Amino acid sequence: MEIKKIMCACGSGLGSSMLVEMNIKDVLKKLGREDVQVFHSVTGDIRLGAADLFVVGRDLAAFIPSDIPEEQHCILTNIVDKKELEAKLREKFGM
Amino acid sequence: MAQEVKTLADMVLRENVQILDGVDTWEEAIRVAVQPLVDGGFVEPRYIDGIIENTHEMGPYYVLCPDLALLHARPEQGVIKQQVALTIVRNPVRFKPEGPDVRVLVTLAAIDADSHIGAMQQLAVLFGDPDNITRLAEAPDADAAYELFVGAPAVE
């Protein structure tokens, strides 16, 4: 599916998720996809339809509800690593 | 947002920076790393319990990468004023049995989801380079750690 909206989530919606949001915006700029909307929130807000792609750290992967298809998951091993993020976003965008 | 963007230098008092030999448990790590913010009147003591409870519930989501934890809970879990503290433990602590080892503990007290974005941008730049985390972990003393930390370049 086309990705127009990305949600980054963490346990409290203001620390790790904000860092990841900033990194995603940098990567999107590099990929020329600044049209994509990015926001951060708490894991409890992750639900089908809230975004097209859900980005979380490995520890929180289990908080993605089971009705959200795998292709909409983006699980980061190291959430400050921009290289990992870029590789995974490129894959999701089919680039 | 009308409020001016705060940089790390605005949000970290020198007395919020400490270096310890080590801690016995991850719970103790959280207690000591949040204590400067309790002492300074930036968070209520229940903020400590909030982070520990969140960890039991969700795991250590604040361990960003090897050697680095960004401890935080939600504003309503006891934040009074926004502020950041830095604690370095010479002997690493683990928040999960399988690791990773963590020596740099940054404690964030945020008043909402966005006001601390200036400081977070600096942290993203600082911690984007693993060498900077090692430099902090091995800083000779708390003064040097403070300088390294607040000296991170601001982002417009």
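The values are calculated or read from the model by the stated rules, or taken from the named source; none is laboratory data. Note that this is a predicted model, so its numbers are computed, not measured. We place every Cβ from the backbone using ideal geometry, glycine too, and count neighbours over all the protein chains shown. Remember, those area values only see protein heavy atoms, side chains included, never the ligands or the DNA or RNA. Shrake-Rupley method; radii C 1.70, N 1.55, O 1.52, S 1.80 Å.
Summary table below
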quantity	calculated
Over chain A, relative contact order from alpha-carbon pairs under 8 Å, at least 6 apart, %	33 percent
Taking the C-alpha atoms of the protein assembly as shown, convex hull volume expressed per residue in Å³	122 Å³
Heavy atoms of A:HIS73 accessible to a 1.4 Å probe, total area in Å² rounded to 10	40 Å²
For B:TYR146, net neighbour charge (Lys/Arg +1, Asp/Glu -1) across residues whose Cβ lies under 14 Å away	-3
Length added when fully stretched, B:LYS6-B:ILE111, from 0.36 nm per residue minus Cα-Cα	36.6 nm
Cα lying deepest toward the dipole's positive end in the protein assembly as shown, options B:ALA113, B:VAL38, B:ILE52, charges on Cβ	B:ALA113
Test item: A:15-28 mean partner chain Cβ contacts at 10 Å	4
Computed label-point distance, nm, for sites B:VAL125 and B:ARG14 using a 7 Å Cα→Cβ extension	2.4 nm
Sparse-neighbourhood loop sites, GluC sites (Glu not before Pro) in the range B:30-103 - DSSP loop, at most 11 other Cβ within 10 angstrom	B:GLU98
Pairs beyond 19 Å (Cα-Cα), from A:LYS92/B:LYS96; A:LYS5/A:LYS30; A:LYS5/A:LYS92; A:LYS88/B:LYS96	A:LYS92/B:LYS96; A:LYS88/B:LYS96
Lys, Arg +1 and Asp, Glu -1 on Cβ, resulting dipole of the protein assembly as shown about Cα centre, debye, nearest 20	440 debye
Probe 1.4 Å, all protein chains present, accessible-area order of B:ARG94, A:ARG47, B:ARG103, largest first	A:ARG47, B:ARG94, B:ARG103
